Structure formats: structure tokens, C-alpha cells
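Colleague: Have a look at the structure that comes next, please.
The values are calculated or read from the model by the stated rules, or taken from the named source; none is laboratory data. Quick caveat: nothing in here was measured; it's all calculated off a predicted structure. Quick reminder, even Gly has a Cβ in these numbers, built from the backbone with ideal geometry, and neighbours come from all protein chains shown. Ligands, DNA and RNA are stripped out before the accessible areas are found, and what is left, the full protein with its side chains, is counted by its heavy atoms. Shrake-Rupley method; radii C 1.70, N 1.55, O 1.52, S 1.80 Å.
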Number of protein chains: 2
Amino acid sequence: MGQKGRDARLRQPRVTIKDVAQAAGVSPSTVSHAYSGRRAISAKTKERVFAAAEALGYSADPHARSMRTGRSEMIGLVLRPRFAATGAPETSETFNRLAGSIAIECLRRGIGLVHVPDPTRQEHSAVPMDGCIVAHPYASDPTIDFLEARGIPVVCADPDPDRPALPWTVGVDYSTGMRAAFEALGVGPGRRVWLLPGSEDNAWNREARRVHARWCEDSSLRTEVHALSESLSPDEAEALVSRLLADHGAPDALVFSLSKTSGPVLRAVASAGLRVPQDLKLATLTDSSFSRTARPSITALDLNHEGLASAAVDLMMRRLGGEAPPGGVVPVAPVLHARESTSR
Amino acid sequence: MGQKGRDARLRQPRVTIKDVAQAAGVSPSTVSHAYSGRRAISAKTKERVFAAAEALGYSADPHARSMRTGRSEMIGLVLRPRFAATGAPETSETFNRLAGSIAIECLRRGIGLVHVPDPTRQEHSAVPMDGCIVAHPYASDPTIDFLEARGIPVVCADPDPDRPALPWTVGVDYSTGMRAAFEALGVGPGRRVWLLPGSEDNAWNREARRVHARWCEDSSLRTEVHALSESLSPDEAEALVSRLLADHGAPDALVFSLSKTSGPVLRAVASAGLRVPQDLKLATLTDSSFSRTARPSITALDLNHEGLASAAVDLMMRRLGGEAPPGGVVPVAPVLHARESTSR
DNA sequence: CTGAAAGCGCTAACAG
DNA sequence: CTGTTAGCGCTTTCAG
């Protein structure tokens, strides 16, 4: 039974602060202070304490310590399951890249990171964490309120769509980055630049349409937009792009949202007898191995998950350190990778 | 100061089990048992307790709970930094995929996962975890001994190279998978099959050489092996393969270890005027977006990090559940993805 | 500079 | 079925 397992693990009785104190011939509080440095301990006493601790293989019980101090020196991470659930390769690449980056950032700072299954699922007991990063929250995400109500400070990595002005938020600066992507096409007035956004209604697709429209207006270009659903298979995507090119005539440049459609788009363009970049410039609004390894390689907007991770952890440390919240969303700059598909 | 931050977070006094008990007009132990179900509580009492808890926004203090029970319902994960440190894209893809898979596996089971910076770095206080997965341990990794000495059960995800027979280990079954990769080439006796392994001395490269040699012998093939260092740039790798083809004459099939060199290998082969798969079959001993999206796509051995993750978490749950250790390394089957580069 | 003792919030014996 | 009570191991007053 479970009973057996517990016994097996407690076989070796825990070495407590009392054992160390006894072995070193001092009181428990002296041992505690020797480590914490919160009061002066003579050098030789410290010596004896550490030697005894070493010999006994002592390390402080994190539970007892946290119970006393109220802190766990760990931060939590909530990742919305939609990123993990769907089997789309690009989706899991995003999930893994964000989770991995936050993990690495925490390792670097020597702070513990705990993945939280789902805080709102009433589990009786909460997860020990001093604060919690909620990555890509849902609209009006109840997790945020739940955690804050229990006194756990939250940092949002990308805003809650319904509450973009929440304090303690970091977010990718889509509009600047997307603008840069359009600029990189290097097309002059009077040219035709298509946008092929995804069909899901999220901030990223919305921004793409908005920035495209604005930029076309500023540059005196006609706007042409054709949605390319996230759920299309590669072959379906290729067929759709081929049809669009046939029906509407090829534009001078084409910007698509999902980099996973790099291959299909390239093949459709090639089938139409167009060369990239000579006849048609190409750019995509997210970066992945698909755009990097395509031939020709595709100019892409790297959404900079690493930067988002780093900024989120940094903001959390500030918040836990008692600083005042920043004036607005802390912007994370996406990075444009100019590649062969937009070279002159 | 830190003082300020602490106060800010403790602004809202913690709701304890006593508060709930008082509000519901019962004793603290009744509240405890209402949740844990470790003794029978009348339906209406439970009702009152939960209502009171809900109203007060109660959830149990994880520190106090863990201190009492000795368990934290979390498992730890130690990932060796070499995977994160080097900037190689394939390396970080591996790191992220493994970390992400373990995270997802834990989310699925509703168990907490804590990334452990480095347990052996004497931090005075340990990290709260019921057990710890050490992924890709170093040879004679001291982390394993350190944790076990402190009574924290360890599961190795891929063996400690110096101690492959440690109990509670899961490992990728390289040899079976690699054998399958060679078989997939579909070449007959008397043909020439090159192996281009990496130059690092790790289990994976060692196995590749061993399996290749054995298979060549079994199939009456000449063995030709040329190392392709992990540190080469794409252009350097392409140049090296081109030179090898020129110097030694093209083989009938070529197996390379690192899938990130898919592009370079393909280009070198094309430069030599060879068509894949008609003139030359190709396979790689690890899978990634590079082999998947190449044209033609490359037959690759997917090392199945997801499977490794899942098996490791599963084994940990068994160990924590008090089961006896399995008889040997729990094998995880890598998956061969046959693609265009080996089609007939 | 050091020791003694209180108590963090919870669970698990004991008692009914 | 429910209440009372004794600690889990640590930090932190309070005394010296």
C-alpha cells in the first residue's frame, strides 16, 4: 500500500537542526543563525556547526522553513493547456519554447520553478509559491483573480485580452514588430501586398490585420486580405494559396501569419511559376524551424519567447521585492529575422 | 527593503483551518477530515464546512500540510545544464522538448513539477519534492548520490553512463532503433553504407558505431565511418561531406547522426549530382524539424523524448507508491519515421 | 555572543 | 460521527 511506500522513504530518519546542535554542542537557534547570518556567531562556533552538519548530511527541511518564514523561494508557472493539448507541431514548439525559456531563466537565477497544474481546480491544498506567472491567460482568466485573492502575486506573460491594462504584465510588442516585417518587404507605392492571417480571433491575428491596414494606408497600397485557417493541412493550405494566386493574380509581396505554412506557400508560389524573392517577396509573422530551414529561407518575425520569459521572471522578482508596478505593460520586442525571401 | 515586500504580500492575513472551523461551528480536525476524507463526516457537516471555506476563500497552507505529512505532492526535475547552455538549436530543441514533455505529463497527472536548479549546490535548504527525476545524468553524477543520501528517491531518465545498471532507470533503446534505421535503407549485400557519427563520446554516438559495425557484419557489408563533429557550422559540414564524397566515391546509402545537418548533407549530395533516394538513400539517427521539413524529407529515428518523459514520470509514481524496482532499465522505444529519403 | 521556549497551520493519535 | 491535543522542524522573540 501507500503505507509501505512512505515507510520505505522514511527509512532514513531525517537529520534535524537539533541533531546538528547536539553534535556541535550548541543550541538549535545557534545552528539556525549560523546559516541565516541573522545574528553574529563566533567563527569557531560556526566552524563546528558546519562541520557537524556536513558530517550528518543535514539540510534544512524546506516545509518547516517555509512554514515559519511564509516564503518558499519558488515561483509558479501556469501555462494554458490549449498550447499543450492540440497536436500541432508549431503549437507544441511554442509551448515547449516558452516553458523551456522560463525554466532556464529560473535556473540561471537560482530560483525554483514549479509548474502548476491548475490553481483554480479546488485541490484543498495550494501549491507552494511566492508568486505565479500566468502565461498567455485566457480572456478574463479566473486564475488571475483566484491567485490574487489568495495573496499570491501574479505576473502575466502577455496580457489578459479582456484586461490589457492589468498591472504587472509583460507583453510582446506585436505592432512594432509587424510593422517592421512589412517594411522589410521593401515594396514601393502602388504595389500589392497580401496578408494571409490565421482565422482564430486572438490578439495576434487582430493585430496583424490592424497593422497591415494601417501600413497599407500609410504607404498608399491596396489592401488585400485572405484568411488561412490554422486547421488546414499542408496540402490544403498549398491548394488554397494556389487558388488565390490563380483567382486574384499574384501580388508583389505576401505576408502570412503561420510559419508552419512556409512549405505550402513556397510550393504554391513555385507552381505558379514565380521566383522568390525576385518575383515575389515573402514574410511570415511568427518564426519557427519551418521558416528557418525553408529554401529560400523565409523572413520571419520571431516573437521572442525567450525575451518574454526573461522579462516575466524579472518582473516577478521586482514584484516580490516590493517594488511599485511599472506604468504599463512591459514591452518585449519581437525580433525580425530578414532572410532570403526578402533580399533584393 | 525586502521587509516592505514581505509586508505587502502578507497584507491579507491568511485564512486558516481554525477560521473555517469557527465559521462552520465545528472543530479544526473536522475541517481537515472533511477534505481528506480520512474519516467519515456527515453530509450536512461537510456541506457547512465547504460553504464556510468557500466564503472565506480558504485553501490549506501547503507548507504546513507538507510539514505534517512529510510529502509535498511534487516531484523534482534536474536537467543537466549542458543541454541548455550551448546555443545549438538542436540542443535547445532537445532540452525544451524533454522539459516540456515532462511538464505536460505531470500536468496530465495533476502532480506538481519543480525544476531544481542544482541540488548539490549547498543551499542550506533543500527543495520540497517527494522524488526527483535526473535527466541525462553525467557520468557518476553526484546529484544522484546526494539526493538518495537525503532520502529523496531518484529516477534516471537515460542511465548514468558509468552506472547503467542503477535501479529505477528508464532509457532509450538505441540499439533496436538504430538497427531499424539501417534496415530501412533497404540495401542489399555488397553495397556501401556510410556512417557519419558525431564526435562527442556519449552513449548515443558509441551505440551508433557499435550497431553499424554489427549490422554491416551481419549483412556482409563493408563498414565506412567518418566522424562529423557536432561543432561544425552548416557550411563547414556541407564542405566536409562534399569532400568525403569526392575522395571516397559516393556510397549507396548514408546515415548521419545529427539531424540538424540534414540540409548540408542534402546540398552536398545534390552538388555531387546524386538524386535522393534514387542514387543514394539517406537516414539520420535523431529527428527534428530539420529532417521533417527537408525536401526530400529524411528518414529519421525519433528518440521519443515524450516517451522517455512519460516513462520516467510513471516509474517515479511507482517508486513513490512503494513498488519494487523493475528488473533492469525500463526501455523506451525510439520511433523510426520512414520518409522520402529511403523510399524505393 | 548564546540558550530556552513559543508557535507557524496542519494532521493524526487519542478520547468520547 | 465529532472534539481535544500533541507535535512535525524551523525561526524568532525573549532572556541571559
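Colleague: Taking only Cα atoms and a 10 Å spring cutoff, compute GNM fluctuations for chain B and point out the largest among B:I41, B:I104, B:I144.
Modeller: Fluctuation is largest for B:I41.
Colleague: Another one. Run the numbers on the stretch B:279-327: which residues show a drop of 50 Å² or more in accessible area, chain on its own versus all protein chains together, using a 1.4 Å probe over heavy atoms?
Modeller: B:T293
Colleague: At a 1.4 Å probe radius, which order do A:H115, A:H248 fall into by accessible area, largest first?
Modeller: Working: A:H115 10, A:H248 85 Å².
I get A:H248, A:H115, largest accessible area first.
Colleague: While we're on this one: Add +1 for every Lys or Arg and -1 for every Asp or Glu among the other residues with Cβ under 15 Å from the Cβ of B:Y174, and state the total.
Modeller: Details: positive: B:R179, B:R206, B:R209, B:R210, B:R214; negative: B:D158, B:D173, B:E183, B:E200, B:D201, B:E207, B:D287, B:D302.
With Lys, Arg at +1 and Asp, Glu at -1, the neighbours total -3.
Colleague: How would you classify the stretch A:165-290 from its alpha-carbon gyration tensor, with a ≥ b ≥ c the square roots of the eigenvalues: rounded for a/c under 1.5, else prolate if a/b is greater than b/c, otherwise oblate? Present the calculation step by step, with values, prior to reporting the outcome.
Modeller: Numbers: a/c = 1.94, a/b = 1.32, b/c = 1.47.
Since a/c reaches 1.5 but b/c is at least a/b, the shape of the stretch A:165-290 is classed as oblate.
Colleague: While we're looking at this one, here's another question. Would you mind checking the stretch B:119-151 for residues with the amide N under 13 Å from a putative spin-label position 7 Å along Cα→C-beta of B:R163?
Modeller: Flagged as within label range: B:134, B:137-151.
Colleague: Taking the Cα centroid of the stretch B:277-344 and of the stretch B:109-163, what is the distance between the two, rounded to the nearest whole Å?
Modeller: 24
Colleague: Here is a further query. Less than 10 Å Cβ to Cβ from B:S32, Lys/Arg counted +1 and Asp/Glu -1: what total charge do the surrounding residues give? Walk me through the numbers on the way to the answer.
Modeller: On the way: positive: B:R38, B:R39, B:R65, B:R68; negative: none.
Residues close to B:S32 contribute a combined charge of +4.
Colleague: Which one, A:V127, A:V225, A:V15, has the greatest fluctuation when you compute a Gaussian network model over chain A with C-alpha springs under 10 angstrom?
Modeller: Highest fluctuation among the options: A:V15.
Colleague: Now for a separate question. Any chance you could run the full-extension gain for B:Y138 through B:S29? It's 0.36 nm times the residue separation minus the Cα-Cα distance, nm to one decimal. Present the calculation step by step, with values, prior to reporting the outcome.
Modeller: Details: separation 109, 0.36 × 109 = 39.24 nm, distance 4.69 nm.
Roughly 34.6 nm would be gained on extension.
Colleague: Could you report the stretch B:3-69's accessible area per residue, 1.4 Å probe, as an integer in Å²? Could you put the intermediate results ahead of the total?
Modeller: Details: 4320 Å² over 67 residues.
Heavy-atom accessible area per residue stands at 64 Å².
Colleague: Report the residue, chosen from B:S42, B:S262, B:S32, that carries the largest GNM mean-square fluctuation when chain B is represented by alpha-carbon nodes joined by springs under 10 Å.
Modeller: In this elastic network of chain B, the residue with the biggest mean-square fluctuation among B:S42, B:S262, B:S32 is B:S42.
Colleague: Still on this structure, I have one more. If the cut-off is 26 Å between C-alpha atoms, which lysines fall inside it for B:K260, apart from same-chain ones fewer than 8 positions away?
Modeller: Reachable lysines: A:K260, B:K281.
Colleague: Quickly work out the A:D145-to-A:R68 label distance, labels modelled 7 Å from Cα along the C-beta direction, and quote it in nm with one decimal.
Modeller: For A:R68 paired with A:D145, the spin-label model returns 3.9 nm.
Colleague: Still on this structure, I have one more. With +1 assigned to the C-beta of every Lys and Arg and -1 to the C-beta of every Asp and Glu, and no other charges, what is the dipole magnitude of chain A about the Cα centre in debye, to the nearest 20? List each step's numbers first, then the result.
Modeller: Values: 41 positive and 39 negative charges, 289 e Å.
Dipole of chain A, to the nearest 20 debye: 1380 debye.
Colleague: What total accessible surface area, summed over both chains, is buried at the interface between chains B and A, computed with a 1.4 Å probe and given in Å² to the nearest 100? Present the calculation step by step, with values, prior to reporting the outcome.
Modeller: Working: alone 18030 and 18030 Å², together 30680 Å².
Roughly 5400 Å² of accessible surface disappears when B and A pair.
Colleague: With the full set of protein chains in place, find how many percent of the accessible area of the stretch B:60-211 is carbon and sulfur; take the probe as 1.4 Å.
Modeller: Numbers: 3040 of 5770 Å².
Accessible surface attributable to carbon and sulfur in the stretch B:60-211 totals 53 percent.
Colleague: Let me ask you something else. So, in nm, how far is label A:A213 from label B:L56 when the simple model puts each one 7 Å beyond its Cα toward the Cβ?
Modeller: Taking the two extended label points, one gets 5.2 nm.
Colleague: Right, something else. Semi-axes of the stretch A:3-69's equivalent ellipsoid from the Cα gyration tensor, sqrt of 5 times each eigenvalue, largest first, rounded to whole Å?
Modeller: 25, 14, 8
Colleague: State, to one decimal in nm and shortest first, how far the label point of A:D173 sits from each corresponding label point in the other identical copies (label point: 7 angstrom along Cα-to-Cβ).
Modeller: Label point to label point, same position, other copies: 5.3 nm.
Colleague: Summing -39500 (n - 2.57) over the DSSP H runs of n ≥ 4 in the protein assembly as shown and dividing by its residue number, what mean residue ellipticity at 222 nm do you reach, to the nearest 500 deg cm²/dmol? Kindly include the intermediate steps, with their values, before the conclusion.
Modeller: Values: 28 runs with 308 residues, N = 688.
After summing the helix terms and dividing by residue count, I get -13500 deg cm²/dmol.
Colleague: What is the local net charge at B:S341, summed over the other residues whose Cβ is closer than 12 Å to its Cβ (Lys, Arg +1; Asp, Glu -1)? Intermediate results must be reported in sequence, preceding the final value.
Modeller: Values: positive: B:R275, B:K281, B:R292, B:R295, B:R339, B:R344; negative: B:D279, B:E340.
Net of charged neighbours comes to +4.
Colleague: Where does helix B:174-184 land angle-wise versus the long Cα axis of chain B, in degrees 0 to 90, nearest 10?
Modeller: Around 40 degrees separate the two axes.
Colleague: Would you mind computing Rg(Cα) / (2.2 N^0.38 Å) for chain B, counting N as its residues? Present the calculation step by step, with values, prior to reporting the outcome.
Modeller: Values: Rg = 26.9 Å, N = 344, 2.2 N^0.38 = 20.2 Å.
This ratio for chain B stands at 1.33.
Colleague: Let me ask something else about it. Taking chain B as the reference, fit the longest principal axis to its C-alpha atoms, fit the long axis of helix B:43-56 to the helix C-alpha atoms, and give the angle between the two in degrees, 0 to 90, nearest 10.
Modeller: Tilt of helix B:43-56: around 80 degrees.
Colleague: Just check the protein assembly as shown against the gyration tensor rule for me: Cα atoms, a ≥ b ≥ c as the square roots of the eigenvalues, rounded for a/c under 1.5, and otherwise prolate or oblate depending on whether a/b exceeds b/c. Walk me through the numbers before you get to the answer.
Modeller: On the way: a/c = 2.24, a/b = 1.37, b/c = 1.63.
In terms of gyration-tensor shape, oblate.
Colleague: Positive end of the charge dipole of the protein assembly as shown (Lys, Arg +1 and Asp, Glu -1 on Cβ, about the Cα centre): tell me which of A:V15, A:S242, A:S343 has its Cα farthest that way.
Modeller: Result: A:V15, furthest along the dipole toward the positive end.
Colleague: Using a basic spin-label model with each label point 7 Å from the Cα along Cα→Cβ, how many nm lie between A:H226 and A:R243?
Modeller: Taking the simple label geometry, A:H226 and A:R243 are separated by 0.9 nm.
Colleague: Between helix B:89-109 and chain B, what is the angle of the helix's C-alpha long axis to the longest principal axis, kept within 0 to 90° and rounded to the nearest 10?
Modeller: With both axes taken from Cα atoms, the answer is about 40 degrees.
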